[in-house]
Ligand SMILES: Nc1ncnc2c1ncn2[C@@H]1O[C@H](COP(=O)(O)OP(=O)(O)OP(=O)(O)O)[C@@H](O)[C@H]1O
Ligand SMILES: Nc1ncnc2c1ncn2[C@@H]1O[C@H](COP(=O)(O)OP(=O)(O)OP(=O)(O)O)[C@@H](O)[C@H]1O
Ligand SMILES: [Mg+2]
Ligand SMILES: [Mg+2]
């Protein structure tokens, strides 16, 4: 675009829920500011993300927002942007730094993992199943955070099962039912399931239902329609909800602020606006955010 | 005979791109008539049959069945009009049982829908044929000849007004042929009009009442078979062959004029004067087909291998060519033990085979003549260590020589192999087999589906090769072809039993008789179904 | 491929049928015929020993069957496409789309729900139809064609969902119940899957279409010369395959109670593997109903056992790879020995 | 398939070679011959109009080339495998593994770095070797064999990475520089890719191996009866294909600056599509070097244009699908018209 400001969004993929919601929210925010938006789906591949960034550079966008990818994953993309003097912002890719002008952290590892810690504090024996999609940055960040937090809780036995995309859901289902078979109900032992994003969570729930076990404590991310139902019927105990609209607004504001004075700009990272929804606060939450169910 | 034509073709033309497969063709067949449809390779026989069968539609022309013009061309309409066709291609699905294959054919011989009745019809047919009917057998488990009969039976079963047979005997042996002729004659008596395509003129003379000869899509002769001799037929078929002699045109195709040498040679009636045994087999046994084969070939000798189809001739050749592992027995090449691990090992020792199924086993359909001729010498002519780099020029030069020697009829070496007639394709394959240091040449049915003209040429080439000292084993189901061999070895049910006289003493009937296992001879005498292993 | 069949035809299996056949060769042939079933039993034994009751329990047995249901349905659809000699890369996306469509539309009075399901299946068949048309009429290689169509399907999926999963309407419970309730310990889905398998078996073995499918797959030219309309048969096969994928997608939504955007994508490779494992069952390398079912069960049991044992991701991949190569390799190698011919394979 | 070719192909080309042919047919044939290039030019024009300077700029030209480098290298490897008549589902995983291996090992003195690169390429070739052995010696269908091996490769990948990407060591800059620096505006990678393409062209058109590959791909049995060791040729092809995939993986790491666990997987389908687009270039449905390169460029330009133009996610999927079907469909269909409807199509 010539005088109209254009923002290029490199979307993680079209199947990760928060990626979609957040991208949508960004678009809305930019449009509100009268800006243009160009979105490219990187299909989860850093190389594609880099291509997308290079293409944006060609188009001469005024700023690029990259979802999830960390700066070492997209080196040459960042280089291209730098050469063209285009600032790169980032959501869910961890800290902003030398080559990232700014970042919104929407991985929300802390708020959920602290809930897990709260439960295992009791000191009873716990069987914890983690369903991890390691190659997905958010999952990795969340999982690493969990492990550091649970280091000093010997009463928790962690079983890790990896899932990959696509197929995370049925893999999670198989992994969970296997885990449930291997860890039958025994007095004094509690079960916790920790899926690192929506798909495995859905799979885990249906495995519980299938074997008619639980529902056990389940902590996860992405507050989707299905998740709300799961919280209501008690099969999920804590789900992080990213206030996509607010975080979209936040990145928009950050970029706007940057444009006011590019030279004096200091890279900074903000935590994405969010809430943790539990069975207790579910109704209150839905009161407060009718848009969630509206979507 | 009525004057009413059962099948009438008027001014039918069909072109494929530039190729005029059919050119204002006219032909009429009356009920009860068995009309031979002859012509060189590429003359248009199969094209005509495909038109009548409704598989392809002519560009122009009228096609009447019992005086009714066929407007809409489709397989179903043709069948409805009482037309039954056995195509040149084997019409079987190997992975399915015989019964399933026949059910597939049902819509083509749609005489009845009830499976039981169909089964009965087929049983009667195969009884008449003298072949065991095994509905439950999986097609690919059966011998090639048996498969062929099943493919044919789809057209033969039930009633029909017009019966078209495209080279039906190509894969059959004497027994199957006799049975087939019986059936054809019976159908003719019942008033079916039969069109019979074949390159075997002897057969034609025995079976057919009338004849139509095609040349490049035109009907150049029509009349009663009794009015012409075999030689005359051959002469008409081959006269001024559509294709022009290969002129040694450069690879790029611009024609350079050089007189064909070998093709004009007279057949050399040589008896090999050397007694040096090149290849010797003793009591060879294979996993299948060959049970006890012994024979030896001398330098410059052409040994004919006579046997019924399915007697294991191909297996024997394949074992020599390194295609099949040997269970027991000995092979020696020039006195030293010879046990090829694979065809590569055989070719390395100058032993190479021209296989039976040209299309499936020999032709590189998407490539040009040059490529098809050179595959056996890519490395030997290649440049650099171990012939690492290809040598297009060397290949081309050699191919041009061979094309000239073989009297290959083609425009340029860069023409597509598919543009050649069957006979000339076979010459290309022969050219491929003429590698440097060729010691033993194995020919399996080299003239199958090749027209009479091309055959004569081809036989001359074989002779010429022999006179250069190459040892040759020659397999042909059409036994008359073996007359020119120096010796004939008879193989029956995988066993080499005896030798048969050649040259002047050659006698086809005697030879045929020798080929049969005793049990089968009796069976035939009794003309009742006989056992095959 | 077929050019090789042309070669093998005469001799290979003549020897195969030969009554006076050596014991050794007969043994080899057994291996050839029972490659996958062998592996299957092996798995049962190994996991039985390692995990005992955990593995050999009614609940786990049912559990394995239930987990096999969706892959079985989808793989059966692929089987028919492979049988006709084609391939379909779009079935996974097809299933995903069906899943989200079901989730977004399934509600209201029973009649409407039934119509919705029929509609979804029709959409699946339509996608198959598109594949078939492009493959037959345009003559595009099946892999490319279905890759392209698959991409269109994903696009449609994204239009419907905007990338977020869709919850099944609250009145969609009887759909989810096919997994949760049933006759005694046997959930409805197992019965449904069994029915689907029977239907497929009948189609392939008791109808003319089935015969024509095998014919076209076995020898396209011969079948066309026999008056079979290969184009129609191929298109039909793609449509059936698409419809089955859609049914799989519906069951997927029934299973998790929501329409997952990429829920079905993962089934492509696994059903593909299952079909080929199945081709190493009983018949000599042909695709067939029973084989595909056994193939799916083998894979599921394997993963279930591994999951109970709690091994990591890499082990699972190794398992799948080894399983494929071992089972299929065993039978092909065995067939090869019997063939007694050194070339063409 | 081949059995049909045996029947149709020859004559097809007879018709194609036709000189004295109607103008209409000649037009159709042009489309047939130049289907992909046609689409290619079409894209240039459309995007040129829509985006003008943005699209038609030296920098964007270079940009497109750079983006094509990795797919070109991988697709060229696949080309040789397709030419020999086989298929390889493992190249994507192969590239991914090469990527992570490079990231984890590439460091230290130059000599060591070179050795590392050679090692990585060797591993790629080894994977190809494994594929080749299973396909030839065990006689397993290439799709299954390579799916199985691919599965093993992914397993190995997980063993190396535990699933998380590996960052290139700090002293690995000259690797990343092949993308960032070069001669004038031309980054080194473009030169590398050009070199790779030339090598492949030479192998296929100037060596005996190239001829043997075409022979084996053209008619396996006939080539073996001509004394060509088909097994060796096939194994060689798989090894070359694997090595090229590995090179692609190395470049991937160079591009991304880190080893991505699934980084290369996506290249399987795209290079596959490129090869088929390429087969519709100039020669009649035959795979060749130039064609593959054009195919990759067509795809890249398509996506580049879309990205610059900025269409929505779903639209991107639609375009990708349409692009594939259109380009390949156009040329195959055109070729079909020339030959006239025939059996076996
Ligand atoms: N499908 C096709 N496409 C293009 N040309 C064809 C096709 N089929 C046959 N032709 C050409 O048409 C001509 C007649 O072919 P046809 O098969 O009818 O000859 P034929 O008399 O059956 O030869 P043969 O005795 O070898 O079977 C040949 O020049 C052949 O190349
Ligand atoms: N009637 C039969 N039933 C089943 N198998 C048979 C029959 N006759 C022969 N065979 C088998 O077929 C194979 C021989 O077929 P093949 O065609 O190679 O022999 P051939 O003598 O070369 O005949 P052809 O002229 O067809 O080449 C052998 O394995 C033999 O056991
Ligand atoms: Mg013919
Ligand atoms: Mg034979």
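Observations
- Flag if residue B:406 is away from ligand 1 (no atom under 16 Å from the Cβ) and under 25 Å from residue D:205 (Cα atoms): no
- Condition check for residue B:347: at pLDDT 95 or above, crowded, with 24+ Cβ neighbours inside 10 Å and away from ligand 1 (no atom under 16 Å from the Cβ): yes
- Of all residues in the stretch B:218-234 being closer than 22 Å to residue B:46 by Cα and without any contact (Cβ under 8 Å) to a residue 24 or more places away in the chain, the one that is surrounded by the most Cβ atoms within 10 Å (Cβ to Cβ): B:221
- Listing of strands (runs of 3 or more DSSP E) fully contained in the stretch A:198-273 that carry 1 or more residues being surrounded by fewer than 17 Cβ atoms within 10 Å (Cβ to Cβ): A:268-271
- Considered as a group, the residues in the stretch B:440-455 that are at negative phi and either within 14 Å of chain D (Cβ to nearest Cβ) or modelled with pLDDT of 90 or more (or both) include one that is nearest to ligand 3 (Cβ to nearest atom), and that residue is B:446.
- Residues located in the stretch C:314-339, provided they are facing chain A (nearest Cβ under 9 Å) and closer than 19 Å to residue C:50 by Cα: C:316
- Residue match in the stretch C:160-174 (condition: part of a helix (DSSP H, G or I), modelled with pLDDT of 90 or more and either more than 24 Å from the chain's Cα centre (by Cα) or at negative phi (or both)): no
- Considering residues of the stretch B:470-499 that are within 25 Å of residue B:284 (Cα to Cα) and away from ligand 2 (no atom under 16 Å from the Cβ) only, the residue surrounded by the most Cβ atoms within 10 Å (Cβ to Cβ): B:471
- Screening A:202, A:156 for residues that are more than 14 Å from every other protein chain (Cβ to nearest Cβ), closer than 22 Å to residue C:307 by Cβ and without any contact (Cβ under 8 Å) to a residue 40 or more places away in the chain leaves exactly one candidate, A:156.
- Residue B:399 in contact (Cβ under 8 Å) with a residue 12 or more places away in the chain, assigned by TED's automatic domain parsing to the domain that holds residue B:321 and surrounded by fewer than 22 Cβ atoms within 10 Å (Cβ to Cβ): no
- Looking only at the stretch B:287-305, and only at residues there that are on the phi < 0 side of the Ramachandran plot and touching a helix residue (DSSP H, G or I) at 6+ places or on another chain (Cβ under 6 Å), the one that is farthest from ligand 1 (Cβ to nearest atom): B:287
- Only one of the listed residues (C:314, C:279) is farther than 25 Å from residue A:209 by Cβ and free of Cβ contacts under 8 Å to residues at least 12 places away in the same chain. That residue is C:314.
- Test result for residue B:464, without any contact (Cβ under 8 Å) to a residue 12 or more places away in the chain, more than 14 Å from ligand 2 (Cβ to nearest atom) and assigned to a helix (DSSP H, G or I): no
- Selection count, the stretch B:202-213, where residues are away from ligand 3 (no atom under 16 Å from the Cβ) and either touching a residue at least 40 places away in the same chain (Cβ under 8 Å) or within 14 Å of another protein chain (Cβ to nearest Cβ) (or both): 6
- Of all residues making up the stretch B:351-368, the number that are more than 8 Å from every other protein chain (Cβ to nearest Cβ) and modelled with pLDDT under 95: 3
- Residues within the stretch C:152-163 that are buried (at least 22 other Cβ atoms within 10 Å of the Cβ) and either touching a residue at least 24 places away in the same chain (Cβ under 8 Å) or closer than 30 Å to residue C:61 by Cα (or both), tallied: 6
- Within the stretch B:52-75, if we keep just the residues that are outside any strand (DSSP E or B), more than 21 Å from residue B:197 (Cβ to Cβ) and more than 29 Å from the chain's Cα centre (by Cα), the residue that is nearest to ligand 3 (Cβ to nearest atom) turns out to be B:59.
- Any hit, the stretch B:155-162, residues being modelled with pLDDT of 90 or more, within 14 Å of chain C (Cβ to nearest Cβ), away from ligand 4 (no atom under 16 Å from the Cβ) and part of a helix (DSSP H, G or I): yes
- Taken as a whole, the stretch B:314-327 holds at least one residue that is within 14 Å of ligand 2 (Cβ to nearest atom), at the interface with chain D (Cβ under 9 Å from one of its Cβ atoms), out of contact with any strand residue (DSSP E or B) (no Cβ under 7 Å at 6 or more places or on another chain) and farther than 23 Å from residue B:499 by Cα.
- Residue count for the stretch B:475-500, restricted to those that are touching a helix residue (DSSP H, G or I) at 6+ places or on another chain (Cβ under 7 Å) and within 14 Å of ligand 4 (Cβ to nearest atom): 3
- Take the conditions (1) within 8 Å of another protein chain (Cβ to nearest Cβ); (2) surrounded by fewer than 24 Cβ atoms within 10 Å (Cβ to Cβ); residue A:56 misses just one of them, which is (2).
- Residue in the stretch B:378-385 that is in a strand (DSSP E or B) and surrounded by 17 or more Cβ atoms within 10 Å (Cβ to Cβ) present: no
- Count of residues meeting criterion [in contact with a helix residue (DSSP H, G or I) (Cβ under 6 Å, 6 or more places away or on another chain) and loosely packed, with under 15 Cβ neighbours inside 10 Å] in the stretch C:51-62: 1
Conditions tested, residue by residue: (1) assigned to a loop (DSSP other than H, G, I, E, B); (2) touching a helix residue (DSSP H, G or I) at 6+ places or on another chain (Cβ under 7 Å); (3) buried (at least 24 other Cβ atoms within 10 Å of the Cβ).
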residue: C:261; (1), (2), (3): yes, yes, yes
residue: C:281; (1), (2), (3): yes, yes, yes
residue: C:295; (1), (2), (3): no, yes, yes
residue: C:324; (1), (2), (3): no, yes, yes
residue: C:338; (1), (2), (3): no, yes, no
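- Checked against the criterion of being buried (at least 23 other Cβ atoms within 10 Å of the Cβ), facing chain C (nearest Cβ under 9 Å) and either within 14 Å of residue A:252 (Cβ to Cβ) or free of Cβ contacts under 8 Å to residues at least 60 places away in the same chain (or both), the candidates A:29, A:23 yield just one match: A:23.
- Of the residues making up the stretch A:118-169, just one is under 20 Å from residue C:317 (Cα atoms) and more than 20 Å from the chain's Cα centre (by Cα), namely A:159.
- Some residue of the stretch B:431-439 being part of a helix (DSSP H, G or I), within 16 Å of ligand 3 (Cβ to nearest atom) and either at pLDDT below 85 or within 14 Å of chain D (Cβ to nearest Cβ) (or both): no
The values are calculated or read from the model by the stated rules, or taken from the named source; none is laboratory data. This structure is a prediction, so every number in the text was calculated from the model and none was measured. Using ideal geometry, Cβ is built from the backbone for each residue, glycine included, and neighbour counts are taken over all protein chains shown.
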